[in-house]
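Encoded as structure tokens, the structure appears first; notes follow it.
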Amino acid sequence: MTASVLGPRMPGWGFMLRDAELAELSQALGSPERPMVMVSGEAGVGKSRLTEFALEQYVARGGTGRRCVASSSLADVPFGALVGLIPGHHMASVAAGTQQLSVFAMVLEYVHHVGASSNQPFVVLIDDLQHLDDASCGLLLQLVANAPVQVMATFRSGEPLPEGALPLWSASNVVRIDVSPFDRESTDEIIRRTMGEVTPEVREALWEQSRGNALYLRELIVGSVGSGRIALHGDTWVLAKPLVGSAQLSEYLLQRTRRLPDDAHHLADMLALCQPLPLAVFRADELAALDRLLVSGVAVTTGDSANPDVRLAHPIYTEVLSAQLSPVSARVVLGEVVERMESLRQPGDDLRMTVWQLDMGGTPPVDELVRAARGAMAARDLLLA
């Protein structure tokens, strides 16, 4: 059983049940007619590990290539993402501000040297293409046009791609592969392979919390087993307590929220304390910030498409955002939500709005307290009543 617990850390986790995507990548890599292979998907679905493994397989078949990582911290650094393609003895001159044409010659030297033993294209894997700096975009264009180079790139769905690479990613012969979250059946199969026998309650809880996102599922299993929330009884894993993600997942989601603009972060705080909230609660001047939350995958809409509710995409977002709010800040946010909800109040909102007012240190009218208590009793929450 120990091996099952460690299963999420095993190398195969990132591309488990991705046979179709791997086959498509395998067919595309090495094809001179396919200069660009684009792999898209939401954060955490396994794009990076999938493309890494595809590159490893390509090299094992006699091809050559190199993985490069773009990031927001390197977006303003010329050639920052492609530093791994620059021969070490040229690094000093690049740091001193060498012209792009000279850097191209240096990288071309590296590509020809490494790929000399292969008659297949040299594959440059760019992880997180959306963060690629302009200088690197220009260099990739020159490489694809003038050298036996193929680019394979991952990017996060919903985020804009760099205009500098437009001729590459907008070409008609680009291979596009979308990596989606696992469906319920596949999620259950991954749970079976990594854990062995589990109760239906464990499967249901892991599905509800992860919704098939590979990263979330892995960290939920690791965190919940490590904390005893999923416990082994005999040969079967059972749900002992509500699930919790690992520290790595919490930190990962926290870093994503820290990158949000202030206005979008404020809306996320409102959702963390009071979700779900009706779409109508957000002002017209906040819709762009709300769209940023939705596009980035931090928030989702649920319910009736004509009058949707908005909530955070994952329960752990609620935990990490709430934990970052001081008591004073939380009271301010609660007060703002209560004020906005007054004109939108529905009969079912009595209980939660009264709780919000109490949490912010207010004193709701007696009739509201009575209605809220009755609502709590109807919901069989005697402690709250």
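Consider residue 286 carefully, then state whether it is of a type in the set (Asp, Glu) and modelled with pLDDT under 90.
Values: of a type in the set (Asp, Glu): yes; modelled with pLDDT under 90: no.
Spelling it out, it is not the case that residue 286 is of a type in the set (Asp, Glu) and modelled with pLDDT under 90.
Summed over region 299-323, residues that are touching a Phe, Trp or Tyr at 6+ places or on another chain (Cβ under 9 Å) and either within 16 Å of residue 210 (Cβ to Cβ) or small (Gly, Ala, Ser) (or both) total 3.
Does residue 327 satisfy the condition of being outside the structural domain of residue 209 (by TED's automatic domain parsing) and at pLDDT 75 or above?
Yes; evaluated as a whole, the condition is true for this residue.
Filter region 218-233 down to the residues that are outside any loop (DSSP other than H, G, I, E, B) and out of contact with any Phe, Trp or Tyr (no Cβ under 8 Å at 6 or more places or on another chain), then identify the one that is surrounded by the most Cβ atoms within 10 Å (Cβ to Cβ). Looking at residues that are outside any loop (DSSP other than H, G, I, E, B) and out of contact with any Phe, Trp or Tyr (no Cβ under 8 Å at 6 or more places or on another chain), I get 221. Taken together, the criteria exclude residue 158 from residues that are part of a helix (DSSP H, G or I) and within 30 Å of residue 292 (Cα to Cα).
Residue-by-condition table, conditions (1) more than 25 Å from residue 132 (Cα to Cα); (2) touching a residue at least 40 places away in the same chain (Cβ under 8 Å):
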position	(1), (2)
153	no, yes
161	no, no
178	no, yes
189	yes, yes
206	yes, no
227	yes, no
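Could you check, for region 298-321, whether at least one of its residues is over 25 Å from residue 258 (Cα atoms), exposed (fewer than 13 other Cβ atoms within 10 Å of the Cβ), acidic (Asp, Glu) and modelled with pLDDT under 85? Checked region 298-321: at least one residue is over 25 Å from residue 258 (Cα atoms), exposed (fewer than 13 other Cβ atoms within 10 Å of the Cβ), acidic (Asp, Glu) and modelled with pLDDT under 85.
Go through region 59-73 and report how many residues are closer than 25 Å to residue 25 by Cβ and either at pLDDT below 80 or charged (D, E, K, R) (or both).
Pass one, region 59-73, residues closer than 25 Å to residue 25 by Cβ: 59-71.
Still in the list and also either at pLDDT below 80 or charged (D, E, K, R) (or both): 61, 66-67, 71.
The number of residues fulfilling the criteria is 4.
Per the conditions (1) surrounded by fewer than 20 Cβ atoms within 10 Å (Cβ to Cβ); (2) in the same structural domain as residue 67 (by TED's automatic domain parsing), the sole criterion not satisfied by residue 133 is (1). Scanning region 196-212 for residues that are surrounded by 17 or more Cβ atoms within 10 Å (Cβ to Cβ), at pLDDT 90 or above and in a helix (DSSP H, G or I) yields a total of 5. The condition of being assigned to a helix (DSSP H, G or I), touching a residue at least 60 places away in the same chain (Cβ under 8 Å) and in the same structural domain as residue 48 (by TED's automatic domain parsing) holds for only one of 215, 168, that being 168. The requirement of being farther than 20 Å from residue 45 by Cβ, free of Cβ contacts under 8 Å to residues at least 12 places away in the same chain and of a type in the set (Gly, Ala, Ser) is satisfied by residue 323. Inclusion of residue 117 among residues that are in the same structural domain as residue 41 (by TED's automatic domain parsing), modelled with pLDDT of 85 or more and of a type in the set (Gly, Ala, Ser) is not warranted.
Looking at residue 180, is it part of a loop (DSSP other than H, G, I, E, B), at pLDDT 90 or above and hydroxyl-bearing (Ser, Thr, Tyr)? Lay out the reasoning, then the answer.
Values: part of a loop (DSSP other than H, G, I, E, B): yes; at pLDDT 90 or above: yes; hydroxyl-bearing (Ser, Thr, Tyr): yes.
When the stated conditions are applied, residue 180 passes them.
Within region 241-270, can you find the residues that are assigned to a loop (DSSP other than H, G, I, E, B) and surrounded by 15 or more Cβ atoms within 10 Å (Cβ to Cβ)? If you could, list the steps in order and put the result at the bottom.
Pass one, region 241-270, residues assigned to a loop (DSSP other than H, G, I, E, B): 241-246, 259-261.
Once the filter is applied, which keeps residues that are assigned to a loop (DSSP other than H, G, I, E, B) and surrounded by 15 or more Cβ atoms within 10 Å (Cβ to Cβ), region 241-270 yields 243, 244, 245, 246, 260.
Taken over region 271-297, residues that are closer than 19 Å to residue 334 by Cβ, exposed (fewer than 15 other Cβ atoms within 10 Å of the Cβ) and not hydrophobic (A, V, I, L, M, F, W, C) amount to 1.
Pairs linking a residue in region 42-55 that is closer than 14 Å to residue 126 by Cα to a residue that is charged (D, E, K, R) and in a helix (DSSP H, G or I), with Cβ atoms under 9 Å and 6 or more positions apart or on different chains, are 50/21; 54/21.
Restricting region 35-61 to residues that are part of a loop (DSSP other than H, G, I, E, B) and touching a strand residue (DSSP E or B) at 6+ places or on another chain (Cβ under 9 Å), the residue that is surrounded by the fewest Cβ atoms within 10 Å (Cβ to Cβ) is 42.
Condition check: closer than 20 Å to residue 143 by Cβ and modelled with pLDDT of 85 or more. Does residue 36 satisfy that? Taking the combined requirement at face value, the residue satisfies it.
The values are calculated or read from the model by the stated rules, or taken from the named source; none is laboratory data. None of the values given here were measured: they were computed from a predicted structure. With ideal geometry, Cβ positions are generated from the backbone for all residues, glycine too; neighbour counts draw on all protein chains shown.
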